[in-house]
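As structure tokens, the structure follows; a few thoughts come after it.
The values are calculated or read from the model by the stated rules, or taken from the named source; none is laboratory data. Values in this document were obtained by computation on a predicted structure and should not be read as measured data. As a convention, Cβ positions derive from the backbone with ideal geometry for all residues, glycine included, and neighbour counts pool all protein chains shown. Surface accessibility is based on the protein's heavy atoms, side chains included, excluding ligands, DNA and RNA. Shrake-Rupley method; radii C 1.70, N 1.55, O 1.52, S 1.80 Å.
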Amino acid sequence: MQAQPDDDTPPPVWRQRPKPIGFEIAYRLDGDALEIDTTRKVDRVRLAAIEQIRFFYAPGNISSKGYRTQLRLSDGKSITFGNVSWRSLTDVERDDAGYHAFVTALAREVQRANPKARFVAGKPFALWLALALVGGLSLLMLAYFTARAFQQGAYAAGWLGVLLAAASYWQVGPMIRLNRPRDLTHGEVPDELVPGRVQA
């Protein structure tokens, strides 16, 4: 028999400051709705109106470990939040454990409220394919440049090409690999795109 939740337990909340300049946004599960408090106003989104939850990798300029969750609503609108919060113009903070806990609770409630909701991972196929093609071509061009430089005895340029290729692969590789589009099972929260699972 499933244990009943304690009435005194506060509902799951996630707080994020998505931009260096701007207000903090609070997302709170409240019964059959998601409450979004932007400081200036409070909106309520019915969980049953969430048609799709998408998880994807979105590194920023400062944090290379940025992940986001996007909710697509039945009216065509979308809501996106992530695991990175800005503290100042140059400083960000991550609370992966808190992010994972909130997203897991949200996914569970959406699964319950809308059995037809889709759970997907990665970018839409067209965007992912474009990224993969551009990233692959860029690496091929760097490899050609590097090989030609070594062949012509321009070792400084060759080693520079090696460094650029390694840096490019380090940045682009995870974006292509993690954002591969795929369907998830209903209610599934992928650990590789929602980090912070606390091991029991």
For region 161-169, in order, what is each residue's ³J(HN,Hα) by Karplus, 6.51 cos²θ - 1.76 cosθ + 1.60 with θ = phi - 60°, in whole Hz (x at glycine and Pro)? x, 4, 5, 5, 5, 5, 5, 5, 5
Quick one: accessible surface of His100, probe radius 1.4 Å, all protein chains present, in square angstrom to the nearest 10. 10
How many percent of DSSP beta bridges within region 13-122 run antiparallel, rounded to 5? 90
Dmax and Rg, reported as Rg then Dmax, of region 125-176 (C-alpha, Å): 12.5, 42
Go through region 91-200 and name the GluC sites (Glu not before Pro) that are in a DSSP coil and have 12 or fewer other Cβ atoms within 10 Å of their Cβ. Glu192
With charges only on Cβ, +1 for K and R and -1 for D and E, what is the dipole size of the chain about its Cα centre, in debye, rounded to 20? 780
Per 0.36 nm of contour for each residue apart, how much would the distance between Ala105 and Leu139 grow if the chain were fully extended, relative to their Cα-Cα spacing? 8.3 nm
Angle between the chain longest axis and helix 96-113 axis [Cα atoms, degrees, rounded to 10]: 60
Per its Cα gyration tensor (rounded if a/c is under 1.5, else prolate when a/b beats b/c, else oblate), region 17-105 is best filed as prolate
Which pairs break 23 Å Cα to Cα here: Lys77/Lys116; Lys41/Lys65; Lys41/Lys116; Lys41/Lys77? Lys41/Lys65; Lys41/Lys116
Looking at (1) 8, 28, 31, 18, 9, 5, 1, 0; (2) 8, 17, 15, 14, 19, 18, 7, 2, 0; (3) 8, 31, 31, 20, 9, 1, which value of P(r) over Cα pairs in 10 Å bins from 0, in percent comes from a calculation on the structure shown? (1)
Extension gain Ala157-Arg177, at 0.36 nm per residue separation less the Cα-Cα distance, in nm? 4.3 nm
At 222 nm, what helix-only mean residue ellipticity would the chain give, in deg cm²/dmol to the nearest 500, using -39500 (n - 2.57) for each DSSP H run of four or more? -12000 deg cm²/dmol
How much solvent-accessible surface does Leu139 expose, in Å² to the nearest 10, with a 1.4 Å probe and all protein chains in place? 50
Whole-Hz ³J(HN,Hα) for each residue in region 183-199, computed from phi via Karplus 6.51 cos²θ - 1.76 cosθ + 1.60 with θ = phi - 60°, x for glycine and proline: what do you get? 7, 10, 5, 4, x, 6, 10, x, 4, 6, 10, 9, x, x, 4, 8, 6
Cleavage-rule hits, chymotrypsin sites (Phe, Trp or Tyr not before Pro), region 62-130, DSSP coil, Cβ neighbours within 10 Å at most 12: none
Against the longest alpha carbon principal axis of the chain, how many degrees, from 0 to 90 and to the nearest 10, is the axis of helix 125-151 turned? 20
